[in-house]
Amino acid sequence: MAIYEPVIGLEVHCQVSTVSKIFCGCSTAFGAAPNAQTCPVCLGLPGALPVLNEKVVEFALRAGLALGCKINPRSVWSRKNYFYPDLPKGYQISQYDQPICLGGAVPVGAKSIALTRIHMEEDAGKNIHGGAASLVDLNRAGVPLLEIVGEPDLRSAEEAANYLRALRGVLVWLGITDGNMEEGSLRCDANVSLRPAGTEKFGTRCELKNINSFRNVRLAIESEIVRQTALLEAGERIVQQTRQFDAATGQTKPMRSKEEAHDYRYFPEPDLPPVLIDTEWIERVRATLPELPGARAARYEKEHALSAYDASQLTQSRRLADLFDAAVVASSGKSAKKIANWLAGELARMVNAGEADVEALKFTPAQLAALQGAVDGGAISLGAAKEVFGEMAKTGTAPEAIISARGLTQVSDRGPIEVACDKAIAANPAEVEKYRGGKKGVIGFLVGQVMKELAGRGNPQIVNQVMREKLGG
């Protein structure tokens, strides 16, 4: 039985975060009433002429420069012709043989996945199917997109999902898109084929259309690999076609025969001039690029001796990374590892539990540094500090105020600690005898009794020290 190798390439459609559409002034805001955000231009009415939104070009440049693409000094628009009810003009304004960006790569862990191109285009509308009728909402028609076409360098469904996750991370980090896959801000098509392992020639590919989650990307590709494998093992031929993933059944199903470029009858768009980009514009955009996630994670490992895991956690979000940097500065650089523990540990736990949202945190970097300072100075225990951290995240109240209001100040005065230790020893003679008989582990129980007496506010180090002194070492 032959062993088959998957060959996978993704075409990612990214809605850029402009206020207005790519060729008109209509709003791009999500959630408006159907067809409320339309005009003669995006409806394709006779005589209406497109005017390019310059901000879309800047976003394309940001993406291209960050991903190492070659920027074309002259790119042109083309009409991509096809009929579909949600395409009012009967064609889509896109870029074909002269796109704005060529080449580049997306870093995915230790590997880089090569890109073919990035080009600008307008979105189509949306068909709404139900009952005996289908409705068309054209609010999305003309919404600006970047199409990011990857080379067929992916070899598994999991790798494809990781690639999409990494690409989305860079695009959101750059401020190009909100990356909201549920609202259609990011979706992808996956080209999948199989070939006998060890061979170079590609097999017949099928395109899986409009996948809108990391999970569905993985499931759709896995399902398609299983389907194609079964056909090949049965001696049947793979038919090139466009398919759709049904999340309810976990299967892909055919939509139509796979189109090639000539099927779209591309020709130059006569109503838009070429996009001309000079070196000055490129350098101006390059100067605005932030430090990218991979580079920042590497810096955290080098400068702050963070683990690769902690560095990757902190760079999942630019907001989180900026918060970490500012908190480290606020702590005078003394508490980088401990601050990383708060953000990659306790905060990550709260986010996973639905108790916090990284983009909606209330506390400031200085407050986080102050909380860690209170722990380091012995003013509050680590357990109590977690309670303070949770309240800070929700309300933005200063840690000192929360500590005072909740009576969380740690007891470090030997006087009350000695009194509590004496009580614990008097109330638990059996455990004291065991300790003095060599079972040193029971000191944990006795310390626990002291902490209970002190309402959890005893300084653990001093409590342990005093208890050992009173038990005779």
* Asked: Which of the listed residues, Ile176, Asn127, Cys39, is farthest toward the dipole's positive end in segment 4-285, when Lys, Arg count +1 and Asp, Glu count -1 at the beta-carbon?
  -> Asn127
* Report the percentage of all Cα-Cα pairs in segment 293-405 whose separation exceeds 26 Å, rounded to a whole percent. => 12 percent
* Tally Lys and Arg at +1 and Asp and Glu at -1 over the other residues with C-beta under 12 Å from the C-beta of Asp271: what net charge comes out? -> +1
* Between 0 and 90°, nearest 10: helix 460-471 axis offset from the chain longest Cα axis -> 30 degrees
* Under 25 Å Cα to Cα from Lys209, which lysines show up? Leave out anything in the same chain fewer than 8 places away. => Lys21, Lys80, Lys89, Lys126, Lys201, Lys253, Lys258
* Structure fact -> Answer in debye to the nearest 20: the dipole magnitude of the chain about its Cα centre, from +1 Lys/Arg and -1 Asp/Glu charges placed on Cβ, is 960 debye
* Pull up all non-local amide H partners of Val108: gap of 5 or more, or a different chain, and H-to-H distance under 5 Å with H placed in the peptide plane. => Ile113
* To do: Give me the angle, in degrees from 0 to 90, between the Cα long axis of helix 443-453 and the longest principal axis of the Cα atoms of the chain, rounded to the nearest 10.
  => 90 degrees
* Structure fact -> For the chain, the charge dipole (Cβ of Lys, Arg +1; Cβ of Asp, Glu -1; about the Cα centre) points to a positive end, and the Cα of Thr229, Val16, Ala287 closest to that extreme belongs to Thr229
* **Helix-only CD estimate at 222 nm, as mean residue ellipticity for the chain, using -39500 (n - 2.57) per DSSP H run (n ≥ 4)** => -11500 deg cm²/dmol
* For the chain, what is Rg from Cα atoms divided by 2.2 N^0.38 Å, rounded to two decimals? -> 1.31
* To do: Working from the alpha-carbon coordinates of segment 129-270, get Rg over Rh, Rh being the Kirkwood radius.
  => 0.99
* Would you work out the charge dipole size for segment 4-285 about its Cα centre, treating the Cβ of every Lys and Arg as +1 and the Cβ of every Asp and Glu as -1, and quote it to the nearest 20 debye? => 260 debye
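Set the Förster distance to 35 Å, then compute FRET efficiency between Met255 and Leu289 from the Cβ-Cβ distance, nearest 0.05.
According to the calculation, E is roughly 0.35.
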* Taking the simple approach of a point 7 Å from Cα along Cα-to-Cβ for both Thr229 and Arg265, what is their distance in nm? -> 4.2 nm
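Only the coordinates and a few stated rules stand behind these numbers; no lab work does. Please read these numbers as outputs of a predicted model, since none were measured by experiment. No Cβ is skipped: glycine too gets one built from the backbone with ideal geometry, and neighbour counts run over all protein chains shown.
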